[in-house]
1. Can you go through 155, 169, 188, 136 and tell me which one is at pLDDT 85 or above, within 21 Å of the chain's Cα centre (by Cα) and not basic (Lys, Arg)?
2. For segment 191-207, name all the residues that are open to solvent by 40 Å² or more (accessible area, probe 1.4 Å) and among the polar types (S, T, N, Q).
3. I'd like to verify a number: residues in segment 188-240 that are farther than 19 Å from residue 274 by Cα and either touching a strand residue (DSSP E or B) at 6+ places or on another chain (Cβ under 9 Å) or among the acidic types (Asp, Glu) (or both), how many?
4. Give the residues of segment 284-302 that are at pLDDT 85 or above and of a type in the set (A, V, I, L, M), sorted by residue number.
5. Within segment 450-459, identify whether any single residue is under 29 Å from the mean Cα position of the chain (by Cα), in contact (Cβ under 8 Å) with a residue 60 or more places away in the chain and open to solvent by 70 Å² or more (accessible area, probe 1.4 Å), and answer yes or no.
6. Would you mind listing the helices (runs of 4 or more DSSP H) fully within segment 195-272 where at least 3 residues are under 20 Å from residue 287 (Cα atoms) and touching a residue at least 60 places away in the same chain (Cβ under 8 Å)?
7. On the given criteria, is residue 552 assigned to a helix (DSSP H, G or I), at pLDDT below 95 and of a type in the set (A, V, I, L, M)?
8. Can you tell me which residue within segment 28-68, out of those that are farther than 22 Å from residue 245 by Cβ and assigned to a loop (DSSP other than H, G, I, E, B), is modelled with the lowest pLDDT?
Amino acid sequence: MAIVCFSFSMVWPYIWAQDYGYSIYEWENQETVDELKTQYNTGFSSGESKIILLIKIAQNETNPDEKLYYSNQLIEAVGEDENLSHYAAVGYLQKGNALQLLGEFHEAIEAYFISKDLFQNVADEKSSNGSLVSIADTYSMLGNSERAELYYDEAITLLREQDDPVTLATALLNAGDEYYKTEQYEKALSYFGESGKIFEEIDYPIGKAYNKGNIGMVYAKQGKNQLAEDYMNEAIEILEVNEEYYPIAEYLNYMSELYQDKNDIENATLYANRSLDLAKKYHLKDQISDANLQLSKLLETSGDITKAFELYKRHIVYRDSVMNLENIEKISNLELAQNEAEVKILEQKRKNQRIVIWSTVGVLFLTSLLTYGLFRRNKFVKATNKIIAAEKDRSDKLLLNILPEDTAQELKDKGKVAAKKFPSTTVLFSDFVGFTSYAENLSPEKLVTTIDHYFSEFDKIMDKYNLEKIKTIGDAYMAVGGLSIDHADQAQEIVLAAKEMVAYVAKAKNDELNDATFDIRIGINTGPVVAGVVGFKKFAYDIWGDTVNVAARMESNSEPGRINISEDTYHLVKSEFKCEYRGEIPVKNRGKMKMYFVM
């Protein structure tokens, strides 16, 4: 039986603040939410009343697409007004909840971190801890158990010191779910037991539903199928009343697996179809993928191989859309097509063997025909394998053009890429001085040729020093060192690469074949970054963090033909390179920062 588990992600219902003390609205049903949306769309509300109306809609909406839309409307309505930052915190929290439901996990984590910081800014530790639980939940959904357990432990420790039983019970429940996934069943039951007592004491229906469902899954893993079925049916009944569709789809699919283990294919198919219909209705991609996989298994058991194959392909498509791995779908389809061809070959071989047994006339002829057929089939299989190998090699090379080698290997080994934090990296930004005015007088073809001329050379320089090119934006070029497994910051290599870039641009100015007249300006900074894969289509590898922002500021405060480095980078390279101290220079949104020119 596949392991199916579900975490209870709370939708923290904080609405307005009086001296930063939050009041709480009653939960609304979907019908009431639709009325609130009509009220909002008529445009009668404005100011703070409009913001409160948006909060009601965002926190109670059950459709994740709609939830995301109204969360963004809330964030936009608040704007940059620091007096309303508590409303912005709620907006980012609900945005994270919506993105989590849609399977956009990396974006959800980013929204949760923003909400956590905003709640802390208004001294709302209770809500900040709630965001911490949501961060742990999302890391759990990404399959990063180490990060998930770390944030769960931090949240539970803080919550035990506060009077917030709902959030504490939620953290305990979800932490127990994480231990379930890592097969620590006794520890999981211990956490479920504590969270269940709290939910019973405060009479919280949704919490009790998740608790019963997860306990049911532990019982199923322990072979107590009847207890598992009873607990999960109780959970589904509570969730249906409260219109919580995401977990219902999970539990329905799990019920299907229980009936499959009992060899009751009819009921197993019924539950799987209910799960798929519900997931499609509410656009739950993760659950659509799981339901298609379960139905594929049931059809395979029933002997309908063709239909099973079609549903398995749908499972792959939805699974990869959640993890942003479109390349894997093509490879999977090729492998599945090969397997189907091999099944057909074996079936034909058995038919030929029966013909040989029952035939007395023409045995030699049929044997020769069979031998010739097998030869052609073997030749076809070899040719097909050769094509698949070539396509795999081409996919590997494409991945290495898009992602660092370690990240590409992780993608191939695990089928997904987890975001990682690198404690010490060195980031480079470059920009051409005068490029905008120069580009205005060029044809599109000449413009692309010119910028490609420089960036192609920059790419060669990065390869020479084993640095990672991240991206180009217009005439700006961004690269980073320190993303290797050994965590070396590569500050010296970045400076050497920067010096070669400056030298190449200076040389190109004197080239009679090149009529470019601009200089390059470079900025470098060292510090921690978070790196990962983002996007649904045309996904990209990118880095985030304050280190990146400071590197950009170093570039904008540099001078033509110069390499401007931060104080952190200076301390790493001062023994290797002669540097000129520029003093403390004002930086936008940063105050004064020490800067140095590499001589």
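The values are calculated or read from the model by the stated rules, or taken from the named source; none is laboratory data. This one's a predicted model, so the numbers in the text were calculated from it and none came from an experiment. For neighbour counting, all protein chains shown are included, and Cβ atoms are generated from backbone atoms with ideal geometry for every residue, glycine included. Just the protein is used for accessible areas: all its heavy atoms, side chains included, with ligands, DNA and RNA removed. Shrake-Rupley method; radii C 1.70, N 1.55, O 1.52, S 1.80 Å.
1. So the residue among 155, 169, 188, 136 that is at pLDDT 85 or above, within 21 Å of the chain's Cα centre (by Cα) and not basic (Lys, Arg) is 136.
2. none
3. Final tally of qualifying residues: 4.
4. 288, 293, 295, 298, 299
5. Looking through segment 450-459, none of the residues is under 29 Å from the mean Cα position of the chain (by Cα), in contact (Cβ under 8 Å) with a residue 60 or more places away in the chain and open to solvent by 70 Å² or more (accessible area, probe 1.4 Å).
6. On the way: elements: 205-221, 225-241, 245-261.
Hits in segment 195-272: 205-221, 245-261.
7. So residue 552 fits the description; yes.
8. Here the residue is 44.
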